[in-house]
Structures are given as structure tokens and as C-alpha cells.
1. Please go through (1) outside any helix (DSSP H, G or I); (2) over 20 Å from Pro128 (Cβ atoms) for Leu80 and return the number of the only condition it doesn't satisfy.
2. Got a sec? Which of Glu71, Glu20 is at pLDDT 95 or above and on the phi < 0 side of the Ramachandran plot?
3. Take the conditions aromatic (Phe, Trp, Tyr) and in a strand (DSSP E or B) and apply them to Phe102. Does it pass?
4. Do we have any residue at all in region 38-52 that's over 17 Å from Leu133 (Cβ atoms) and either surrounded by 14 or more Cβ atoms within 10 Å (Cβ to Cβ) or β-branched (Val, Ile, Thr) (or both)?
5. Check whether at least one residue in region 28-35 is within 26 Å of the chain's Cα centre (by Cα), surrounded by 11 or more Cβ atoms within 10 Å (Cβ to Cβ), of a type outside the set (D, E, K, R) and modelled with pLDDT under 95, and report yes or no.
6. Quick one: which residue in Thr57, Thr50 is in contact with a helix residue (DSSP H, G or I) (Cβ under 7 Å, 6 or more places away or on another chain), assigned to a helix (DSSP H, G or I) and under 30 Å from Lys95 (Cα atoms)?
7. Looking at the structure I just gave you, is Val55 more than 24 Å from Pro128 (Cα to Cα), modelled with pLDDT of 95 or more and not acidic (Asp, Glu)?
8. What is the residue count in region 93-124 for residues that are farther than 26 Å from Val44 by Cβ and small (Gly, Ala, Ser)?
Amino acid sequence: MAKYFAKKKKGSIAIWQIFEIILFVALVYTFITLWPVFLQKQNVDYIAKTMVRAVETNGRIDSSITDLQHELENDFGVELDDVRWTTQYVPGTNKIQIKSKFELTVTDHATIRIMNPTFGDPLDINVPMSKTLVGVSQVFWK
């Protein structure tokens, strides 16, 4: 009788080990699938911080900031959905007076492909991401 229970116990341990392996593989697959989304969010945040810092030191929002944005997008392989600046300009210019605050909101999305069936459209989940930063101009305009 003891041999019967010992055999049954060994079999159940093997089943639990198979279950644990399947669970581990599922967790690794989930991590690999979600890793690019976290990297993209980090890249969007870095682009926003760099652009805010450039405007703080430049004191204006002009084509050099737009060029910087496109350069960073190309470097990181990101295509931002929307970039919005909110500020009070010096009247008649694109200049921001010293100690004047401005706000940058950058929005993007990441796509997670859940399933790619051969008979139809793939099943995707779009994850929206945005970053809002506030900066202060460091340039005095006369």
C-alpha cells in the first residue's frame, strides 16, 4: 500500500513540474512581448526631456527644436503621434521670456500583437502613452 502512494506522489510531482515549466515559459513570453513597449515609453520620455531642455536654453520654439525632434525620432526609431507646446510668447515672436513657463505634451502609442492568424486580421492592442513636462525659459529677450 505504501508503494502505491509513493508511485502516485512521484507522478503528481512530475505533473506539477510540467505545469511550472509551462508557467515559466508563459511568463518569459509575456516579458519578451511587453519589453519593447517599456523601451518605447522610455524613449518617448527621453525625447520629451531633451526637447524641453533645448527650449529652456534656447528660449524659443523654432525650426531648430523641430529638427531636434525629428533627429531624436530617427535615432530612437519612434514616430510621435502628437507634440503640443503651450506657452506665452513675447508678442509678435516665437520667443519665451526669461522665467516664463511652457508646457510640452508628447503623445504616442505602442502596438502589442496578441495573435496573428493566417485567415484574418491580426489581433492588436494599442497602448497609449504620453508625457507632459513643464520648463522655464532661461533666456532674457530685450
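1. Among (1) outside any helix (DSSP H, G or I); (2) over 20 Å from Pro128 (Cβ atoms), Leu80 violates only (2).
2. Testing whether each residue is at pLDDT 95 or above and on the phi < 0 side of the Ramachandran plot leaves just Glu71.
3. So Phe102 passes the test.
4. Step one: list which residues in region 38-52 are over 17 Å from Leu133 (Cβ atoms), which gives 38-40.
The next check asks that each one be either surrounded by 14 or more Cβ atoms within 10 Å (Cβ to Cβ) or β-branched (Val, Ile, Thr) (or both); those that pass are 39-40.
Within region 38-52, one or more residues are over 17 Å from Leu133 (Cβ atoms) and either surrounded by 14 or more Cβ atoms within 10 Å (Cβ to Cβ) or β-branched (Val, Ile, Thr) (or both).
5. Scanning region 28-35, I find at least one residue that is within 26 Å of the chain's Cα centre (by Cα), surrounded by 11 or more Cβ atoms within 10 Å (Cβ to Cβ), of a type outside the set (D, E, K, R) and modelled with pLDDT under 95, so the answer is yes.
6. Thr50
7. Here the answer is yes, as Val55 does meet what is asked.
8. Result for region 93-124: 1.
The values are calculated or read from the model by the stated rules, or taken from the named source; none is laboratory data. The shown structure was predicted, so the numbers you read here are calculated from the model rather than taken from an experiment. So basically every Cβ, Gly included, is an ideal-geometry build from the backbone, and we count neighbours across all protein chains shown.
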